[in-house]
Amino acid sequence: IKPFQIVKPSVGLAEQVARALSAQISAGQPAAGDKLATESVLAQQFGVSRTVVREAVSRLKSLGLLESRQGSGVFVRAAGFSPLNFDASLAVSRQAVIQMVEVRRGLEAEVAALAAERRSAADLLRIRQAMQALAAAVAVGGDGAEEDVTFHRAIADAAQNPFLISTLNYLRQFLRGVTRVTRANEARRSDFARQVKNEHESIVSAIEAADPARARRAAATHMNNAIKRIEQADPAFWEQEGVQLA
């Protein structure tokens with residue numbers, strides 16, 4: 001096993017450890033079916049904290065490379081197919097953020113349409129509560145990034161499609177950074193903030209009206225406008241803050 005080295009300061013430690021573990025698994029060390037070393041052993045091997053190891057292992061679980069077995073530990077999964085994987089280090093450019101929003105656009109539009117068809121009274125309440133939490137976060141000067149994620153997750157839950165939800169959960173580790181970028185950019189301009197609020201209201205209104213076609217259009221429009229707002233961002237924002245957030 002090669003010693004661990006930090007090769008890209010711009011890439012988080014957990015991501016680097018995840019890549020190193022993935023490379024070891026690809027090389028058969030450990031092999032499919034083998035039990036992964038404990039967090040303490042891995043932390044010592046890579047020279048990082050157990051928290052970093054835990055996050056790296058969690059990422060590899062989401063990629064289907066590792067699995068937890070109740071009472072036994074974490075094991076290398078037998079290879080069935082090549083898991084979807086994104087190089088997070090590539091998502092630190094303005095164009096990459098736009099491309100990730102393009103990925104999100106198709107999913108969010110379909111999720112909104114399904115939510116309009118299937119939502120329950122409890123779902124509508126959670127969506128409205130998430131909107132209120134987002135508004136409260138913005139009112140006290142925050143960018144509302146985490147609240148925005150929660151809002152869209154509430155809509156996804158209302159769609160009642162576990163496969164869509166799982167896909168969004170996987171993408172969320174990448175989309176969280178994109179959301180931070182878009183929300184930070186939007187928080188810099190009051191007109192952007194108003195646009196986002198109105199777009200969210202249009203989506204929720206269509207879901208409450210049980211109108212899938214309108215919900216789909218509203219969600220797609222929201223994503224299209226998010227791209228336009230990124231394109232209109234002050235170049236200084238991207239140079240100073242956007243890359244760090246991504």
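For the reader, a short list of remarks on this structure follows.
- Projecting label points 7 angstrom from Cα along Cα→Cβ for residue 32 and residue 198 puts them 5.5 nm apart.
- Residue 121 versus residue 231: modelled label distance in nm, points set 7 Å from Cα along the beta carbon direction: 4.4
- Prolate/oblate/rounded label for the range 109-221 (Cα gyration tensor, a/c 1.5): prolate
- Of the peptides 149-158, 17-26, 113-122, the ranking by mean beta-carbon count within 10 Å, highest at the top, reads 149-158, 17-26, 113-122.
- Three semi-axes of the equivalent ellipsoid, the range 102-174, Cα gyration tensor, whole Å, largest first: 21, 16, 9
- Cβ-Cβ distance of residue 23 and residue 164, R₀ of 35 Å, FRET efficiency by 1/(1 + (r/R0)^6): the value works out to about 0.65.
- Given R0 = 22 Å, the distance between the Cβ atoms of residue 40 and residue 78 translates into a calculated FRET efficiency of 0.25.
- Alpha carbon centroid spacing (whole Å) that separates the range 58-77 from the range 119-159: 31
Just so you know, all these numbers are worked out from the coordinates, no wet-lab data involved. Given the structure is predicted, the values throughout are model-derived calculations rather than measurements. All Cβ positions, even for glycine, are placed from backbone atoms using ideal geometry, and neighbour counts span all protein chains on display.
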